[in-house]
Amino acid sequence: MTKMKENKILTRRVGKYQPLDIEAYKALGGLQGLKRALDIGPESIIEEIKKSGLIGRGGAGFPTGLKWASAAKVQQQPKYFICNADEGELGTFKDKVLLDGDPWSVLEGIIIAAYAIGAEQTYIYIKGEYEKTAELWESLVSEAKKAALLGERILGSSFSIHLQVVRGRGPYIAGEEFALISSLEARRAMSKLKPPYPTEEGLFGKPTVVNNVETIANIPVILTEAAEKYRKLGVEGDPGTRLFSLSGDVKKPGVYELEMGSGTLEELINELGQGTKNGQPIKAVQPGGGTSALLGRDSLGCKLTSRAIREAGSGIGTAGVIVYQQGRSAVDILKGLLKFYGAESCGRCAPCRIGVTKMKEIVDTLSRGEAAADNLAQLRQIGKACVVASTCGMGQAFPLPVLSALELFPKDFETVIQKNPQ
Amino acid sequence: MKQFKMQTYQNLIKRSGVVTRENLFNLLGKVQDEFGYVPREVVRDLALKTGLAEARIYGALTSYSDFKMIPQLDDQDERE
(Lines give C-alpha, C1' and ligand atoms only; values in the text may rest on other atoms or scores of the structure.)
Protein backbone atom coordinates (compact mmCIF):
# COMPACT_ATOMS: atom_id res chain seq x y z
CA MET A 1 0.00 0.00 0.00
CA THR A 2 1.35 3.38 -0.91
CA LYS A 3 1.84 5.83 1.88
CA MET A 4 -0.61 8.69 1.65
CA LYS A 5 1.12 12.01 1.07
CA GLU A 6 0.06 15.57 1.60
CA ASN A 7 0.25 17.83 -1.43
CA LYS A 8 0.87 21.29 -0.08
CA ILE A 9 -0.39 23.94 -2.47
CA LEU A 10 -2.45 26.31 -0.32
CA THR A 11 -0.46 25.62 2.82
CA ARG A 12 2.98 25.69 1.18
CA ARG A 13 3.90 29.00 2.81
CA VAL A 14 2.27 28.41 6.19
CA GLY A 15 4.86 28.96 8.89
CA LYS A 16 7.51 30.00 6.33
CA TYR A 17 7.31 33.74 6.99
CA GLN A 18 6.34 36.27 9.62
CA PRO A 19 2.65 36.91 8.94
CA LEU A 20 2.99 40.69 8.62
CA ASP A 21 6.11 40.69 6.46
CA ILE A 22 5.03 41.45 2.91
CA GLU A 23 8.58 41.36 1.52
CA ALA A 24 8.99 37.80 2.72
CA TYR A 25 5.67 36.94 1.11
CA LYS A 26 6.84 38.41 -2.19
CA ALA A 27 10.11 36.50 -1.93
CA LEU A 28 8.11 33.29 -1.63
CA GLY A 29 6.33 33.98 -4.90
CA GLY A 30 3.48 36.08 -3.53
CA LEU A 31 1.51 38.71 -5.46
CA GLN A 32 2.20 37.06 -8.84
CA GLY A 33 -1.48 36.18 -9.16
CA LEU A 34 -2.59 39.74 -8.47
CA LYS A 35 -0.11 41.17 -11.00
CA ARG A 36 -1.41 38.87 -13.69
CA ALA A 37 -5.01 39.63 -12.67
CA LEU A 38 -4.50 43.36 -13.09
CA ASP A 39 -2.92 42.71 -16.51
CA ILE A 40 -5.66 40.52 -17.96
CA GLY A 41 -8.67 42.41 -16.55
CA PRO A 42 -11.93 41.36 -14.85
CA GLU A 43 -13.55 39.41 -17.68
CA SER A 44 -10.53 37.23 -18.32
CA ILE A 45 -10.13 36.58 -14.59
CA ILE A 46 -13.68 35.25 -14.36
CA GLU A 47 -13.11 33.15 -17.49
CA GLU A 48 -9.97 31.75 -15.91
CA ILE A 49 -11.74 30.85 -12.65
CA LYS A 50 -14.57 29.23 -14.60
CA LYS A 51 -12.05 27.23 -16.63
CA SER A 52 -10.28 26.09 -13.48
CA GLY A 53 -13.49 24.41 -12.31
CA LEU A 54 -12.98 25.69 -8.75
CA ILE A 55 -15.76 24.68 -6.39
CA GLY A 56 -16.57 26.62 -3.20
CA ARG A 57 -14.98 25.19 -0.06
CA GLY A 58 -17.48 26.51 2.46
CA GLY A 59 -19.74 23.48 2.48
CA ALA A 60 -22.35 24.02 -0.21
CA GLY A 61 -19.93 23.40 -3.08
CA PHE A 62 -21.13 26.03 -5.57
CA PRO A 63 -18.88 26.75 -8.60
CA THR A 64 -16.98 29.93 -7.80
CA GLY A 65 -16.69 31.14 -11.40
CA LEU A 66 -20.45 31.10 -11.88
CA LYS A 67 -21.04 33.02 -8.66
CA TRP A 68 -18.60 35.73 -9.74
CA ALA A 69 -20.04 35.92 -13.23
CA SER A 70 -23.57 36.49 -12.00
CA ALA A 71 -22.41 39.30 -9.69
CA ALA A 72 -20.19 40.84 -12.36
CA LYS A 73 -22.96 41.10 -14.94
CA VAL A 74 -25.21 43.18 -12.65
CA GLN A 75 -24.68 46.80 -13.69
CA GLN A 76 -25.09 48.41 -10.32
CA GLN A 77 -22.85 50.11 -7.81
CA PRO A 78 -21.86 49.67 -5.07
CA LYS A 79 -21.14 45.94 -5.00
CA TYR A 80 -19.71 44.08 -2.07
CA PHE A 81 -17.32 41.21 -1.62
CA ILE A 82 -17.25 39.29 1.66
CA CYS A 83 -14.67 36.80 2.81
CA ASN A 84 -16.45 34.34 5.08
CA ALA A 85 -14.07 33.49 7.89
CA ASP A 86 -16.83 32.58 10.35
CA GLU A 87 -15.73 29.00 10.48
CA GLY A 88 -18.39 27.58 12.76
CA GLU A 89 -19.02 24.06 11.53
CA LEU A 90 -18.24 21.37 14.08
CA GLY A 91 -14.95 19.63 13.42
CA THR A 92 -13.72 22.29 10.99
CA PHE A 93 -10.65 24.41 11.67
CA LYS A 94 -8.89 24.66 8.33
CA ASP A 95 -9.52 28.34 7.59
CA LYS A 96 -7.66 29.40 10.72
CA VAL A 97 -4.50 27.77 9.37
CA LEU A 98 -4.63 30.00 6.29
CA LEU A 99 -5.74 33.15 8.11
CA ASP A 100 -2.89 32.88 10.62
CA GLY A 101 -0.24 31.14 8.57
CA ASP A 102 -0.49 32.74 5.14
CA PRO A 103 -2.77 35.77 5.49
CA TRP A 104 -1.27 37.62 2.50
CA SER A 105 -2.43 34.96 0.07
CA VAL A 106 -5.98 35.26 1.41
CA LEU A 107 -5.75 39.04 1.08
CA GLU A 108 -4.40 38.67 -2.45
CA GLY A 109 -7.38 36.48 -3.27
CA ILE A 110 -9.80 39.03 -1.80
CA ILE A 111 -8.31 41.82 -3.91
CA ILE A 112 -8.45 39.76 -7.11
CA ALA A 113 -12.05 38.73 -6.42
CA ALA A 114 -13.16 42.27 -5.66
CA TYR A 115 -11.44 43.53 -8.82
CA ALA A 116 -13.07 40.81 -10.93
CA ILE A 117 -16.63 41.55 -9.81
CA GLY A 118 -16.11 45.30 -9.44
CA ALA A 119 -16.56 45.63 -5.68
CA GLU A 120 -14.81 48.52 -3.96
CA GLN A 121 -15.94 47.69 -0.44
CA THR A 122 -14.96 44.33 0.97
CA TYR A 123 -15.31 42.69 4.35
CA ILE A 124 -13.69 39.84 6.16
CA TYR A 125 -16.02 38.39 8.79
CA ILE A 126 -13.88 36.53 11.32
CA LYS A 127 -15.33 34.09 13.83
CA GLY A 128 -15.65 35.66 17.28
CA GLU A 129 -13.50 33.04 18.98
CA TYR A 130 -10.57 33.82 16.65
CA GLU A 131 -9.68 36.97 18.58
CA LYS A 132 -5.93 36.89 17.86
CA THR A 133 -6.62 36.25 14.19
CA ALA A 134 -8.82 39.34 14.01
CA GLU A 135 -6.06 41.41 15.65
CA LEU A 136 -3.55 40.09 13.14
CA TRP A 137 -5.85 41.06 10.29
CA GLU A 138 -6.30 44.59 11.64
CA SER A 139 -2.52 45.00 11.48
CA LEU A 140 -2.40 43.30 8.10
CA VAL A 141 -4.84 45.85 6.70
CA SER A 142 -2.64 48.77 7.78
CA GLU A 143 0.45 47.05 6.32
CA ALA A 144 -1.44 46.49 3.07
CA LYS A 145 -2.39 50.17 2.93
CA LYS A 146 1.28 51.11 3.28
CA ALA A 147 2.13 48.76 0.42
CA ALA A 148 -0.63 50.32 -1.73
CA LEU A 149 -2.52 47.02 -1.91
CA LEU A 150 -5.57 48.52 -0.24
CA GLY A 151 -6.93 52.03 -0.60
CA GLU A 152 -7.34 54.33 -3.59
CA ARG A 153 -5.87 53.23 -6.94
CA ILE A 154 -3.98 50.16 -5.82
CA LEU A 155 -0.57 49.43 -7.35
CA GLY A 156 -0.98 52.30 -9.78
CA SER A 157 -4.15 50.87 -11.37
CA SER A 158 -7.47 52.72 -11.57
CA PHE A 159 -9.07 50.32 -9.08
CA SER A 160 -9.80 51.26 -5.46
CA ILE A 161 -10.59 48.79 -2.72
CA HIS A 162 -11.30 48.98 1.00
CA LEU A 163 -11.33 46.13 3.48
CA GLN A 164 -13.13 46.13 6.81
CA VAL A 165 -12.21 43.50 9.39
CA VAL A 166 -15.34 42.43 11.28
CA ARG A 167 -15.44 40.09 14.25
CA GLY A 168 -18.35 37.68 14.60
CA ARG A 169 -20.22 37.82 17.88
CA GLY A 170 -21.25 34.32 18.67
CA PRO A 171 -23.93 32.74 16.52
CA TYR A 172 -23.06 29.62 14.53
CA ILE A 173 -25.61 30.48 11.85
CA ALA A 174 -23.73 33.68 10.97
CA GLY A 175 -21.54 31.49 8.77
CA GLU A 176 -24.49 31.00 6.43
CA GLU A 177 -24.41 33.38 3.48
CA PHE A 178 -27.58 35.38 4.18
CA ALA A 179 -27.22 35.24 7.96
CA LEU A 180 -23.72 36.67 7.58
CA ILE A 181 -25.09 39.46 5.41
CA SER A 182 -27.81 40.40 7.89
CA SER A 183 -25.23 40.32 10.67
CA LEU A 184 -23.12 42.85 8.74
CA GLU A 185 -26.23 44.99 8.40
CA ALA A 186 -26.35 44.96 12.23
CA ARG A 187 -29.44 42.78 12.25
CA ARG A 188 -30.06 39.40 13.83
CA ALA A 189 -28.04 36.70 12.10
CA MET A 190 -30.82 34.90 10.27
CA SER A 191 -31.07 33.10 7.00
CA LYS A 192 -33.69 33.83 4.38
CA LEU A 193 -35.37 32.25 1.40
CA LYS A 194 -33.53 32.15 -1.91
CA PRO A 195 -33.86 33.42 -4.62
CA PRO A 196 -33.02 36.26 -4.93
CA TYR A 197 -29.44 35.18 -4.36
CA PRO A 198 -26.90 37.51 -2.72
CA THR A 199 -25.27 38.04 -6.13
CA GLU A 200 -28.43 39.97 -7.09
CA GLU A 201 -29.68 41.31 -3.76
CA GLY A 202 -27.16 40.90 -0.97
CA LEU A 203 -25.68 43.29 1.56
CA PHE A 204 -27.89 46.41 1.81
CA GLY A 205 -29.80 45.05 -1.20
CA LYS A 206 -26.73 45.32 -3.43
CA PRO A 207 -24.98 42.58 -5.43
CA THR A 208 -22.72 40.69 -3.07
CA VAL A 209 -20.38 37.73 -3.36
CA VAL A 210 -19.59 35.69 -0.28
CA ASN A 211 -16.67 33.25 -0.53
CA ASN A 212 -15.03 30.97 2.00
CA VAL A 213 -11.42 31.60 3.05
CA GLU A 214 -10.11 28.40 1.47
CA THR A 215 -11.89 29.17 -1.80
CA ILE A 216 -10.25 32.59 -1.84
CA ALA A 217 -6.82 31.13 -1.11
CA ASN A 218 -7.18 29.11 -4.33
CA ILE A 219 -7.59 32.23 -6.47
CA PRO A 220 -3.96 33.47 -6.49
CA VAL A 221 -2.82 29.88 -7.15
CA ILE A 222 -5.08 29.59 -10.19
CA LEU A 223 -4.02 32.94 -11.62
CA THR A 224 -0.32 32.34 -11.03
CA GLU A 225 -0.36 28.85 -12.48
CA ALA A 226 -3.00 29.26 -15.21
CA ALA A 227 -6.29 27.39 -15.13
CA GLU A 228 -5.21 24.46 -17.31
CA LYS A 229 -2.40 23.56 -14.97
CA TYR A 230 -4.62 23.89 -11.90
CA ARG A 231 -7.21 21.62 -13.46
CA LYS A 232 -4.68 18.79 -13.64
CA LEU A 233 -4.72 18.64 -9.83
CA GLY A 234 -7.36 16.40 -8.35
CA VAL A 235 -10.00 14.61 -10.37
CA GLU A 236 -12.38 15.50 -13.19
CA GLY A 237 -15.16 17.75 -11.89
CA ASP A 238 -13.38 18.23 -8.56
CA PRO A 239 -10.06 19.94 -9.17
CA GLY A 240 -7.45 21.16 -6.74
CA THR A 241 -6.58 20.21 -3.19
CA ARG A 242 -8.61 20.41 -0.02
CA LEU A 243 -7.74 21.05 3.56
CA PHE A 244 -9.13 18.19 5.62
CA SER A 245 -9.62 18.96 9.30
CA LEU A 246 -9.22 15.62 11.04
CA SER A 247 -10.59 15.36 14.57
CA GLY A 248 -12.38 13.07 16.99
CA ASP A 249 -10.97 9.76 18.13
CA VAL A 250 -7.68 9.85 16.23
CA LYS A 251 -4.13 9.84 17.53
CA LYS A 252 -2.95 12.70 15.35
CA PRO A 253 -5.71 15.20 14.63
CA GLY A 254 -4.90 18.22 12.49
CA VAL A 255 -5.28 19.90 9.12
CA TYR A 256 -4.02 17.89 6.14
CA GLU A 257 -3.94 19.22 2.60
CA LEU A 258 -4.68 16.48 0.11
CA GLU A 259 -5.18 16.41 -3.61
CA MET A 260 -8.77 15.45 -4.40
CA GLY A 261 -9.03 11.69 -4.90
CA SER A 262 -5.49 11.02 -3.71
CA GLY A 263 -6.56 8.42 -1.20
CA THR A 264 -9.41 6.97 0.80
CA LEU A 265 -11.08 8.00 4.02
CA GLU A 266 -9.48 5.04 5.75
CA GLU A 267 -5.97 6.00 4.61
CA LEU A 268 -6.48 9.54 5.87
CA ILE A 269 -7.53 8.29 9.29
CA ASN A 270 -5.09 5.42 9.66
CA GLU A 271 -1.99 6.80 7.94
CA LEU A 272 -2.03 10.56 8.51
CA GLY A 273 -4.17 10.39 11.63
CA GLN A 274 -2.29 7.29 12.88
CA GLY A 275 -5.46 5.39 13.70
CA THR A 276 -7.97 5.61 16.51
CA LYS A 277 -7.11 6.69 20.02
CA ASN A 278 -7.77 3.39 21.77
CA GLY A 279 -6.57 1.26 18.85
CA GLN A 280 -10.09 -0.06 18.35
CA PRO A 281 -11.61 -0.17 14.87
CA ILE A 282 -13.43 2.88 13.55
CA LYS A 283 -17.14 2.85 14.21
CA ALA A 284 -18.33 5.80 12.16
CA VAL A 285 -17.06 8.90 10.41
CA GLN A 286 -18.58 12.25 9.57
CA PRO A 287 -16.66 13.29 6.47
CA GLY A 288 -17.98 16.82 6.06
CA GLY A 289 -18.39 18.46 9.46
CA GLY A 290 -21.02 18.04 12.15
CA THR A 291 -23.99 18.28 9.80
CA SER A 292 -22.88 15.53 7.42
CA ALA A 293 -24.37 12.03 7.49
CA LEU A 294 -22.44 9.35 9.34
CA LEU A 295 -20.60 6.75 7.30
CA GLY A 296 -20.14 3.27 8.69
CA ARG A 297 -17.14 0.95 8.46
CA ASP A 298 -18.26 -0.36 5.04
CA SER A 299 -17.80 3.06 3.48
CA LEU A 300 -14.28 3.73 4.71
CA GLY A 301 -12.75 2.65 1.42
CA CYS A 302 -14.43 5.57 -0.30
CA LYS A 303 -12.16 7.92 -2.26
CA LEU A 304 -11.73 11.47 -1.03
CA THR A 305 -13.72 13.23 -3.74
CA SER A 306 -17.04 15.04 -3.44
CA ARG A 307 -18.65 12.53 -5.74
CA ALA A 308 -17.42 9.35 -4.05
CA ILE A 309 -18.46 10.62 -0.63
CA ARG A 310 -21.86 11.64 -1.97
CA GLU A 311 -22.33 8.21 -3.50
CA ALA A 312 -21.39 6.61 -0.18
CA GLY A 313 -24.35 8.47 1.32
CA SER A 314 -22.85 11.57 2.90
CA GLY A 315 -21.31 14.84 1.74
CA ILE A 316 -17.83 16.36 1.73
CA GLY A 317 -19.23 19.65 3.12
CA THR A 318 -16.43 21.54 4.83
CA ALA A 319 -14.12 18.49 4.75
CA GLY A 320 -14.13 18.33 8.54
CA VAL A 321 -13.58 14.63 9.15
CA ILE A 322 -14.82 13.57 12.59
CA VAL A 323 -13.89 10.06 13.66
CA TYR A 324 -15.80 7.95 16.20
CA GLN A 325 -14.16 4.79 17.47
CA GLN A 326 -15.75 1.48 18.45
CA GLY A 327 -17.25 1.73 21.90
CA ARG A 328 -19.10 4.98 21.32
CA SER A 329 -22.86 4.75 21.26
CA ALA A 330 -24.71 6.38 18.38
CA VAL A 331 -27.14 7.84 20.90
CA ASP A 332 -24.32 9.68 22.67
CA ILE A 333 -22.93 10.98 19.39
CA LEU A 334 -26.33 12.37 18.42
CA LYS A 335 -26.90 13.80 21.87
CA GLY A 336 -23.75 15.87 21.55
CA LEU A 337 -24.53 17.05 18.04
CA LEU A 338 -28.15 17.96 18.79
CA LYS A 339 -27.19 19.82 21.95
CA PHE A 340 -25.10 22.13 19.77
CA TYR A 341 -27.54 22.53 16.87
CA GLY A 342 -30.48 22.91 19.28
CA ALA A 343 -28.77 25.92 20.82
CA GLU A 344 -27.81 27.39 17.45
CA SER A 345 -31.00 27.25 15.36
CA CYS A 346 -31.75 30.86 14.48
CA GLY A 347 -35.49 30.29 14.91
CA ARG A 348 -36.56 31.89 11.68
CA CYS A 349 -38.32 28.89 10.17
CA ALA A 350 -40.56 26.48 12.03
CA PRO A 351 -39.20 23.12 10.80
CA CYS A 352 -35.72 23.81 12.13
CA ARG A 353 -36.77 25.72 15.25
CA ILE A 354 -39.29 23.14 16.43
CA GLY A 355 -37.70 20.13 14.77
CA VAL A 356 -34.31 20.47 16.35
CA THR A 357 -35.83 20.94 19.81
CA LYS A 358 -38.13 17.94 19.44
CA MET A 359 -35.36 15.73 18.11
CA LYS A 360 -33.09 16.78 20.94
CA GLU A 361 -35.81 15.92 23.46
CA ILE A 362 -36.28 12.47 21.97
CA VAL A 363 -32.56 11.72 21.90
CA ASP A 364 -32.25 12.92 25.49
CA THR A 365 -35.03 10.55 26.59
CA LEU A 366 -33.30 7.79 24.64
CA SER A 367 -30.03 8.39 26.42
CA ARG A 368 -31.81 8.29 29.80
CA GLY A 369 -33.31 4.95 28.80
CA GLU A 370 -36.85 6.25 29.07
CA ALA A 371 -37.88 6.19 25.43
CA ALA A 372 -40.71 4.17 23.93
CA ALA A 373 -40.46 2.22 20.70
CA ASP A 374 -42.51 4.68 18.63
CA ASN A 375 -40.02 7.43 19.48
CA LEU A 376 -37.66 6.16 16.80
CA ALA A 377 -40.33 6.49 14.12
CA GLN A 378 -41.03 10.02 15.35
CA LEU A 379 -37.35 10.88 15.23
CA ARG A 380 -37.17 9.68 11.63
CA GLN A 381 -40.33 11.54 10.64
CA ILE A 382 -39.33 14.88 12.17
CA GLY A 383 -35.84 14.57 10.69
CA LYS A 384 -37.17 13.99 7.20
CA ALA A 385 -39.59 16.93 7.54
CA CYS A 386 -36.74 19.25 8.53
CA VAL A 387 -34.63 18.19 5.56
CA VAL A 388 -37.48 18.95 3.16
CA ALA A 389 -38.95 22.08 4.68
CA SER A 390 -36.14 24.13 6.26
CA THR A 391 -35.03 27.42 4.76
CA CYS A 392 -31.27 27.18 4.97
CA GLY A 393 -28.49 24.65 4.87
CA MET A 394 -28.42 24.15 8.61
CA GLY A 395 -32.03 22.97 8.94
CA GLN A 396 -31.68 20.83 5.86
CA ALA A 397 -28.53 19.17 7.13
CA PHE A 398 -28.56 18.76 10.91
CA PRO A 399 -31.00 15.78 10.76
CA LEU A 400 -28.67 13.88 8.40
CA PRO A 401 -26.44 12.42 11.12
CA VAL A 402 -29.57 11.35 13.01
CA LEU A 403 -31.21 9.70 10.00
CA SER A 404 -27.99 7.94 8.99
CA ALA A 405 -27.35 6.73 12.55
CA LEU A 406 -30.83 5.18 12.66
CA GLU A 407 -29.99 3.25 9.48
CA LEU A 408 -26.44 2.27 10.39
CA PHE A 409 -26.66 1.45 14.08
CA PRO A 410 -30.21 0.26 14.87
CA LYS A 411 -28.83 -1.89 17.71
CA ASP A 412 -27.60 1.14 19.64
CA PHE A 413 -31.14 2.45 19.72
CA GLU A 414 -32.82 -0.88 20.38
CA THR A 415 -30.69 -1.59 23.45
CA VAL A 416 -31.66 1.67 25.14
CA ILE A 417 -35.31 1.10 24.34
CA GLN A 418 -35.34 -2.47 25.64
CA LYS A 419 -34.20 -1.21 29.01
CA ASN A 420 -37.59 0.35 29.30
CA PRO A 421 -40.41 -2.17 29.93
CA GLN A 422 -43.16 0.02 28.44
CA MET B 1 -12.18 46.34 30.86
CA LYS B 2 -12.60 50.08 31.28
CA GLN B 3 -15.54 51.60 33.07
CA PHE B 4 -17.95 53.25 30.68
CA LYS B 5 -17.43 56.96 30.11
CA MET B 6 -19.27 58.91 27.44
CA GLN B 7 -16.02 60.69 26.58
CA THR B 8 -14.10 57.45 25.96
CA TYR B 9 -16.92 56.27 23.72
CA GLN B 10 -16.97 59.52 21.76
CA ASN B 11 -13.22 59.29 21.19
CA LEU B 12 -13.64 55.76 19.97
CA ILE B 13 -16.28 56.89 17.49
CA LYS B 14 -14.10 59.76 16.33
CA ARG B 15 -11.21 57.40 15.59
CA SER B 16 -13.48 55.26 13.40
CA GLY B 17 -14.66 58.15 11.23
CA VAL B 18 -18.30 58.62 10.26
CA VAL B 19 -20.95 56.31 11.68
CA THR B 20 -22.87 54.58 8.89
CA ARG B 21 -25.01 51.51 8.64
CA GLU B 22 -22.05 49.89 6.92
CA ASN B 23 -19.76 50.05 9.93
CA LEU B 24 -22.42 49.99 12.67
CA PHE B 25 -21.93 46.31 13.49
CA ASN B 26 -18.19 46.79 13.75
CA LEU B 27 -18.60 49.84 15.99
CA LEU B 28 -20.94 48.00 18.32
CA GLY B 29 -18.29 45.30 18.53
CA LYS B 30 -15.62 47.85 19.40
CA VAL B 31 -17.79 49.27 22.17
CA GLN B 32 -18.36 45.75 23.50
CA ASP B 33 -14.60 45.04 23.45
CA GLU B 34 -13.79 48.34 25.17
CA PHE B 35 -16.32 48.28 28.00
CA GLY B 36 -17.42 44.67 28.18
CA TYR B 37 -20.98 45.64 27.32
CA VAL B 38 -22.97 47.99 25.11
CA PRO B 39 -24.54 50.68 27.32
CA ARG B 40 -28.03 51.94 26.63
CA GLU B 41 -26.71 55.48 25.99
CA VAL B 42 -24.55 54.11 23.19
CA VAL B 43 -27.49 52.37 21.54
CA ARG B 44 -29.45 55.61 21.72
CA ASP B 45 -26.59 57.66 20.29
CA LEU B 46 -25.92 55.22 17.43
CA ALA B 47 -29.64 55.09 16.65
CA LEU B 48 -29.65 58.87 16.25
CA LYS B 49 -26.49 58.82 14.15
CA THR B 50 -27.69 56.11 11.77
CA GLY B 51 -31.36 57.03 11.65
CA LEU B 52 -32.35 53.56 12.81
CA ALA B 53 -34.85 52.92 15.58
CA GLU B 54 -33.31 52.28 18.97
CA ALA B 55 -35.42 49.14 19.28
CA ARG B 56 -34.07 47.85 15.98
CA ILE B 57 -30.46 48.02 17.23
CA TYR B 58 -31.32 46.78 20.71
CA GLY B 59 -33.29 43.88 19.26
CA ALA B 60 -30.41 42.80 17.06
CA LEU B 61 -27.83 43.14 19.84
CA THR B 62 -29.69 40.93 22.27
CA SER B 63 -29.73 38.09 19.74
CA TYR B 64 -25.92 37.77 19.83
CA SER B 65 -24.48 35.77 22.69
CA ASP B 66 -21.26 37.82 22.74
CA PHE B 67 -23.00 41.19 23.10
CA LYS B 68 -23.89 42.10 26.69
CA MET B 69 -26.34 44.79 27.70
CA ILE B 70 -25.23 45.22 31.31
CA PRO B 71 -21.74 45.61 32.84
CA GLN B 72 -19.93 42.30 33.30
CA LEU B 73 -17.67 41.16 36.08
CA ASP B 74 -13.99 41.33 35.24
CA ASP B 75 -11.93 38.18 35.69
CA GLN B 76 -10.12 40.12 38.36
CA ASP B 77 -13.30 41.09 40.21
CA GLU B 78 -14.26 37.47 40.29
CA ARG B 79 -11.03 36.45 41.94
CA GLU B 80 -11.21 39.04 44.68
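Only residues that are assigned to a strand (DSSP E or B) and hydrophobic (A, V, I, L, M, F, W, C) were counted in segment A:272-309, giving 4. Within segment A:111-164, the set of residues being in contact (Cβ under 8 Å) with a residue 60 or more places away in the chain and in a strand (DSSP E or B) comprises A:123 only.
Helices (runs of 4 or more DSSP H) fully within segment A:1-73 that include at least 3 residues being of a type in the set (S, T, N, Q): A:32-52. Apart from one condition, residue A:193 fits all of (1) of a type in the set (A, V, I, L, M); (2) crowded, with 21+ Cβ neighbours inside 10 Å; (3) out of contact with any strand residue (DSSP E or B) (no Cβ under 6 Å at 6 or more places or on another chain); the exception is (2). Within segment A:203-213, the set of residues being more than 14 Å from chain B (Cβ to nearest Cβ) and of a type in the set (Val, Ile, Thr) comprises A:209, A:210, A:213. If you filter segment B:2-30 down to residues that are more than 29 Å from residue A:80 (Cα to Cα) and either within 13 Å of chain A (Cβ to nearest Cβ) or not aromatic (Phe, Trp, Tyr) (or both), you find that the one that is surrounded by the most Cβ atoms within 10 Å (Cβ to Cβ) is B:8. Among the numbered conditions (1) within 30 Å of residue A:391 (Cα to Cα); (2) in a helix (DSSP H, G or I); (3) away from every other protein chain (no Cβ under 14 Å); (4) more than 17 Å from the chain's Cα centre (by Cα), the only one that residue A:216 does not meet is (4).
Scanning segment A:310-329 for residues that are in contact with a Lys or Arg (Cβ under 8 Å, 6 or more places away or on another chain) and either aliphatic (A, V, I, L, M) or in contact (Cβ under 8 Å) with a residue 60 or more places away in the chain (or both) yields A:316, A:318, A:319, A:320, A:324, A:325, A:328. Filtering segment A:202-233 to residues that are buried (at least 18 other Cβ atoms within 10 Å of the Cβ) and within 18 Å of residue A:178 (Cβ to Cβ) leaves A:202, A:203, A:206, A:207, A:208, A:209, A:210, A:211, A:212, A:215. With respect to being of a type in the set (Asp, Glu) and either crowded, with 23+ Cβ neighbours inside 10 Å or in contact (Cβ under 8 Å) with a residue 12 or more places away in the chain (or both), residue A:332 fits the description.
Of the residues making up segment A:242-271, those that are assigned to a helix (DSSP H, G or I) and free of Cβ contacts under 8 Å to residues at least 24 places away in the same chain number 1. Residue check: residue A:58 meets all listed conditions (1) under 29 Å from residue A:197 (Cα atoms); (2) at pLDDT below 95; (3) surrounded by fewer than 17 Cβ atoms within 10 Å (Cβ to Cβ) but one, namely (3). Filtering B:33, B:74, B:45, B:66 for residues that are more than 13 Å from chain A (Cβ to nearest Cβ) and surrounded by fewer than 17 Cβ atoms within 10 Å (Cβ to Cβ) leaves a single hit, B:74. Do you know which of the residues in segment A:165-202 that are closer than 17 Å to residue A:348 by Cα and hydroxyl-bearing (Ser, Thr, Tyr) is farthest from the other protein chains (Cβ to nearest Cβ)? Here the residue is A:191.
Take the residues in segment A:144-164 that are farther than 19 Å from residue A:77 by Cβ and surrounded by fewer than 18 Cβ atoms within 10 Å (Cβ to Cβ); name whichever of them is nearest to the other protein chains (Cβ to nearest Cβ). In this case the residue turns out to be A:145. Taken residue by residue, segment A:225-236 has at least one member that is in a strand (DSSP E or B), under 30 Å from residue A:40 (Cβ atoms) and either in contact (Cβ under 8 Å) with a residue 40 or more places away in the chain or within 14 Å of another protein chain (Cβ to nearest Cβ) (or both).
Checking A:225, A:214, A:143 one by one, the residue that is under 24 Å from residue A:34 (Cβ atoms), at pLDDT below 95, among the charged types (D, E, K, R) and assigned by TED's automatic domain parsing to the domain that holds residue A:63 is A:225 and no other.
The values are calculated or read from the model by the stated rules, or taken from the named source; none is laboratory data. Nothing here was measured: the structure is a model prediction, and the numbers come from that model. Here Cβ is always computed from backbone atoms with ideal geometry, including for glycine, and neighbour counts include all displayed protein chains.
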